[in-house]
Amino acid sequence: MRKHYIDNIRCLIILLLIPYHAAQAFNTWGELNYYLFYPDKLISSFIVFFSPFYMPVMFLLAGVSTRYALKKRSYGKFLIERVKRLIVPFVFGTLAFCPVMAYIGDKTNCGYGGGFFAHYRIFFTKWTDLSGFDGGFSVGQFWFLYFLFVISVAGLGIICLSKRVFKKETAGNMPFWAICLFVIPLPFLYDLLSVGGKSFAEYLYVFLIGYYVFSNDDVLEKTERYRYLSLAAGLVAGIADVYMFIWSGRDFGIANTAAKALTEWFMILALIGIGKNLLDRSGRISGYLSSRSFLFFSLHFVWIVLFQYWLSGIVGTANVLAYFVPVLCAYPMTFACAEIAYRIPFLSFLLGAKGKSGSGK
């Protein structure tokens, strides 16, 4: 039986990527971006609140989905499917979209004055921090795909080994307070096996929790029952995290890291519980979004950067419209391009989606 809440939570997270990535151009902590506007504490608060949990929940859901996928596929077929759905769009997206964003980053941050096609040589030969903000090589948002592929392969190895060691799983017997304790290792994982500020260790941890714990119906029932308690805890921790990092003007160190971890875990619990309660159903809208979600993910970022670059001269760089106008423009263009790609099987394949001619999982 298909778990619709997984698809629907994933779609909601992906839809948030446009305002989230657009907000990065207004950060108050001095990080470069493809295009930078004025620092804004309110917009930056949006980033800081969502950043602890919005990608971890995607890895946790991937772990849950892996559990169900391996009930229908052999390990070999699962890996082949991962290559098609992750490595192919990772390579294509990096080659097709990231040079556009890096070109704009080079023009706005480094004063590049050459042409777009001439910039390809710079993109493939300039290796710095892999962000692309200085025009160098970058994988953009497609970092998620290669992270998920590596974690899927590593996770599969752990799963195979664990089946030989542990004959019976008892996740369903966990009380809710024990589920809450999964937050404890998180602060120690943030800098472990980190690439570009993103931790393989953290994401592998939540992936495995998804596989072993949240694929259990008894755990889901407990998470659903205490969903609003989790939401309250997550909101309190998130507000504290935002205050300490953005508004206080002080360095809280360990306390800030602890607030980040609490926000991450309890907002994940809240999203899973509320999603299971309210979103475990299908419909025309959810079916449409689910079928285009991967395409939306692949296409959204380049439109944000392009509209911020094009519209900056019209709305200005110190105007609230500099945030909202590119966001409002990026949504229809991303959906329009996703719709075109969905109807072209080869392009859908390159972007990791099934497309109009695709059949079931």
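Taking the stretch 309-341, which residues are surrounded by fewer than 20 Cβ atoms within 10 Å (Cβ to Cβ), of a type in the set (A, V, I, L, M) and either farther than 16 Å from Leu17 by Cα or in contact (Cβ under 8 Å) with a residue 60 or more places away in the chain (or both)?
Residues satisfying the conditions are Leu311, Ile314, Val315, Ala318, Val320, Leu321, Val327, Ala336, Ile340.
Got a sec? Which of Ile43, Ile9, Ile18 is within 27 Å of Ala261 (Cβ to Cβ), touching a His at 6+ places or on another chain (Cβ under 7 Å) and crowded, with 20+ Cβ neighbours inside 10 Å?
Exactly one residue qualifies, and that residue is Ile18.
Can you report the number of residues in the stretch 103-152 which are in a helix (DSSP H, G or I), more than 20 Å from the chain's Cα centre (by Cα) and closer than 23 Å to Phe37 by Cβ?
Number satisfying all stated conditions: 9.
Take the conditions buried (at least 22 other Cβ atoms within 10 Å of the Cβ), touching a residue at least 24 places away in the same chain (Cβ under 8 Å) and touching a His at 6+ places or on another chain (Cβ under 9 Å) and apply them to Pro89. Does it pass?
Criteria not met by Pro89.
Being of a type outside the set (Ser, Thr, Tyr) and either farther than 20 Å from Phe53 by Cα or at pLDDT below 95 (or both): is that true of Leu189 here?
Judged against the criteria, Leu189 is not a match.
Please verify whether the stretch 206-228 includes one or more residues that are at pLDDT below 95, among the small types (Gly, Ala, Ser), in contact with a Gly (Cβ under 9 Å, 6 or more places away or on another chain) and farther than 20 Å from Pro52 by Cα.
Among the residues of the stretch 206-228, at least one is at pLDDT below 95, among the small types (Gly, Ala, Ser), in contact with a Gly (Cβ under 9 Å, 6 or more places away or on another chain) and farther than 20 Å from Pro52 by Cα, which makes the answer yes.
Condition check ((1) within 17 Å of the chain's Cα centre (by Cα); (2) within 18 Å of Ser65 (Cβ to Cβ); (3) of a type outside the set (Gly, Ala, Ser)) across all residues:
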| site | (1), (2), (3) |
| --- | --- |
| Ile239 | no, no, yes |
| Arg250 | no, no, yes |
| Ala259 | no, no, no |
| Met267 | yes, no, yes |
| Ile274 | no, no, yes |
| Arg281 | no, yes, yes |
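Hey, among Leu229, Leu306, which residue is more than 19 Å from Ile13 (Cβ to Cβ) and surrounded by fewer than 19 Cβ atoms within 10 Å (Cβ to Cβ)?
That would be Leu229, the only listed residue that is more than 19 Å from Ile13 (Cβ to Cβ) and surrounded by fewer than 19 Cβ atoms within 10 Å (Cβ to Cβ).
Condition test on Thr108, is it modelled with pLDDT under 95 and buried (at least 19 other Cβ atoms within 10 Å of the Cβ)?
Spelling it out, Thr108 is indeed modelled with pLDDT under 95 and buried (at least 19 other Cβ atoms within 10 Å of the Cβ).
For the stretch 266-284, check the following and say yes or no: at least one residue is crowded, with 17+ Cβ neighbours inside 10 Å, among the basic types (Lys, Arg) and either under 25 Å from Ala22 (Cβ atoms) or without any contact (Cβ under 8 Å) to a residue 12 or more places away in the chain (or both).
Within the stretch 266-284, none of the residues are crowded, with 17+ Cβ neighbours inside 10 Å, among the basic types (Lys, Arg) and either under 25 Å from Ala22 (Cβ atoms) or without any contact (Cβ under 8 Å) to a residue 12 or more places away in the chain (or both).
Kindly check whether there is at least one residue in the stretch 201-213 that is touching a helix residue (DSSP H, G or I) at 6+ places or on another chain (Cβ under 6 Å) and surrounded by fewer than 19 Cβ atoms within 10 Å (Cβ to Cβ).
Yes, there is a match, as at least one residue in the stretch 201-213 is touching a helix residue (DSSP H, G or I) at 6+ places or on another chain (Cβ under 6 Å) and surrounded by fewer than 19 Cβ atoms within 10 Å (Cβ to Cβ).
Restricting attention to the stretch 243-265, which residues are in contact (Cβ under 8 Å) with a residue 40 or more places away in the chain and over 20 Å from Glu202 (Cβ atoms)?
Within the stretch 243-265, Ile246, Trp247 meet the criteria.
Can you tell me how many residues in the stretch 240-256 are aliphatic (A, V, I, L, M) and more than 16 Å from Ser44 (Cα to Cα)?
2
Can you tell me which residues in the stretch 234-265 are more than 20 Å from Ile184 (Cβ to Cβ) and in a loop (DSSP other than H, G, I, E, B)?
The answer is Ser248, Gly249, Arg250, Asp251.
The values are calculated or read from the model by the stated rules, or taken from the named source; none is laboratory data. On a predicted model such as this, the values are computed, not experimentally measured, just so you know. A quick note on method: Cβ atoms are made from the backbone with ideal geometry, for glycine too, and the neighbour counts reach across all protein chains shown.
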